[in-house]
Each structure stands twice: as structure tokens, then as C-alpha cells.
Amino acid sequence: MSPNRGLVWISIIVLLGISCIYLLYRVNALESQYDVLSNDYDVMERRYNDLSDRYDLMEIGYRNNVSYISNHYLKEFHEINNFLNSYSSIPKAFKRVFNQNEVEKIKNQIPPIMSTSSDFMIEAYNYVDFYIRDIEDIDFPNLGFRYSRVNGDIIIEEVILSSNKTYIQTLSYTISSGQGDCEDQAILLYSILKYNFEYVQKIDNKVYLARIFLNDGTGHVSVIVQYPDKNISILDPPLRYPARQKMYPIFISNKANIELENYNSHLFIYSGIKRILLYDIDIVNGNHREAVFGGIEDVIKFLEE
């Protein structure tokens, strides 16, 4: 074997070794993520199995105590359904996502959150844009049921377990995993802005989590900042709004009607905006209010009042 051929084989072996090491690293990372999600799923599956077992026992006494069985079972069902919704439903996930514990976890992990710079919003936007990778949600379980009414009581006849691609991450998990969908990114960006405006710079800017219902039947989540002069900026890192100039997003403080129409045009690929629901959320306890829900004109009217 010639020296050159020997070097080629050595190079191939080295490259294969490096590739194997990288693949092992990726496998370990994916296994860690899978373990976290698998543990959550196992907990919920055990709760579901427990619910199913209780239902079988209650069905035995159905004829003698229909009302008791129905009321007791409904309570159990709603408890578990609320538990599942706290992982997969806005606004039911707010208490789990927005709380003092989560705020304390992220304060020292996100440099922009304590910034006093006039470019703070650019820093916050860039943090989410650069460090949080956009991904699709995992399949998450849902509970439904088929029921009938007997003497005014709701009798659940079948529990239906299904799933959809909705999983709302905590702030700390979004940061530690470095990934999330539009909901996760918007929730993180909302928290950074809200904390900074209220507790660091103490600026009278309002921040809204905007749940967007699109004309093609899909949904999206972004953030709207309203300034004291009633002008607004819309921040949407996953869909690159506002546009970038070199490394910086071009933040424009516009009247609500102009900015929302610009944003609607940006979402033209999804057939535009059908409705918008704005949430005002307390990031330390998850309390929230629906500030406005309606079409673009309704939201414009609310923001300009």
C-alpha cells in the first residue's frame, strides 16, 4: 500500500470516528429531551389509567347511585383535564408558565432582562431570535368524553384519549433546551420585556401577548408593545417581524392601524389575520385578563383609546 493511500484510509477512519462521536453526542442530547417528555407523559398516563380504573369501579354501582357516580367522576375528569390543559392550552398554562419561581430562574440567565440600555428591546428580540431555535411542538395527549343525560345527570359513557401538537414550555425549559415554537418564544420574549419595563427601567410601556387566529385556520403567537403615546411595535422573532437591517431588527413605533396592517401584510402567506386576542399577564403569578378579542379594527380601536 502506497503512503498516500495509507493517509487516505487514516483520514477516512478519523472522519468516521469524529462522526461517531458527534452522533453519540446528539443521541445523548435527544435521549435527555426524550426522558423529560417521557416522564411527563408517564405521569399523565398513570393519572389516566387511575381515572379509567375508578370509572370501572363506579360503573358497578351505577344503577343504585347514578347521581353520585356522575358527579364524582366529572370532578375527577375535570381535575385531570385541567392538569393536561396546564401543559397544552393558552391561557390555562399561564399559572404554570408565569410565576415567581420561573422568573427567579431566568433572571440571571438572560443578560437583556436587567438591561438599562435604550436598545433594550433590540437586545431582547435578538436574544430570542439568536438563542431559541424554532421547532414544531410534540404530540401531547388530550381527554374528551362521550356522555348522555339521565334524570338531569350527565353520565359519561366513554373517555376518549387523543393528541395534538401543542405543548407549552416553561420559561426555564425554553432557555435550557434552546428551542421552542412561536408560543414558547413569544412567552419568553413577553416575560423579558414585561420584567424589564416594570422592575428594571420602570417604563410605562404596556406589553401584550397576542394570540393570532389566521384566515387559513392556523394560529400564531407574538408580542405587542404599546408606548405612552399610544404607538405600538409588534415583535415576532419566528416570522422575522420586524425586518432586519444587517444584524438589527428595524423597530418602528407606528400608529396601531399602520403597524397592524403592516403585520397583516407580513402574514399574507397565511391568508392574513382573522382575529386577535390580547392578554395582559402578571408574570409573577400568572393572573391575566383578556384585554381585547376581535378583528383588526377592534384591536386598533382598543389600542387607540
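Coordinate-derived values only; no laboratory data. As the structure is a prediction and not an experimental result, all values here were calculated from the model. A quick note on method: Cβ atoms are made from the backbone with ideal geometry, for glycine too, and the neighbour counts reach across all protein chains shown.
What residues qualify as long-range amide H neighbours of residue 138, i.e. H under 5 Å apart, gap of 5 or more or another chain, H built at 1.01 Å from N? Amide H neighbours of residue 138, under 5 Å, 5+ apart: 167. Considering every alpha-carbon pair of region 120-272, the percent of pairs per 5 Å bin, from zero through the bin containing the longest distance, is 2, 8, 15, 18, 17, 13, 8, 6, 5, 4, 3, 1, 0, 0.
Ordered by the count of other Cβ atoms within 10 Å of each Cβ, fewest first, 121, 44, 114 give 114, 44, 121. Placing a pseudo-label 7 Å from each Cα along the Cα-to-Cβ vector at residue 227 and residue 107 gives an inter-label distance of 2.9 nm. Sites listed here are GluC sites (Glu not before Pro) in region 111-175 whose DSSP assignment is loop and whose Cβ has at most 15 other Cβ atoms within 10 Å: 136.
What FRET efficiency comes out for the pair residue 38/residue 285, r = Cβ-Cβ distance, R0 = 45 Å, nearest 0.05?
0.90
Placing a pseudo-label 7 Å from each Cα along the Cα-to-Cβ vector at residue 5 and residue 118 gives an inter-label distance of 7.0 nm.
Find, among the trypsin sites (Lys or Arg not before Pro) in region 127-227, those assigned to loop by DSSP (not H, G, I, E, B) with at most 11 other beta-carbon atoms within 10 angstrom. Listed in order of number, the matching sites are 165, 202. With a Förster radius of 35 Å applied to the beta-carbon distance between residue 218 and residue 154, the computed FRET efficiency rounds to 0.60.
Per-residue ellipticity at 222 nm, computed for the chain from helices alone with -39500 (n - 2.57) per DSSP H run of at least four residues, works out to -16000 deg cm²/dmol.
Report the calculated FRET efficiency for residue 200 and residue 301 (r = Cβ-Cβ distance, R0 = 25 Å), to the nearest 0.05. Please report the intermediate quantities before stating the final value.
On the way: r = 31 Å, r/R0 = 1.26.
Calculated value: 0.20.
Taken one residue at a time, the phi angles of region 13-28 give Karplus couplings (6.51, -1.76, 1.60, θ = phi - 60°) of 5, 4, 4, 5, x, 4, 4, 5, 4, 5, 4, 5, 4, 5, 4, 4 Hz. Gly and Pro are set to x.
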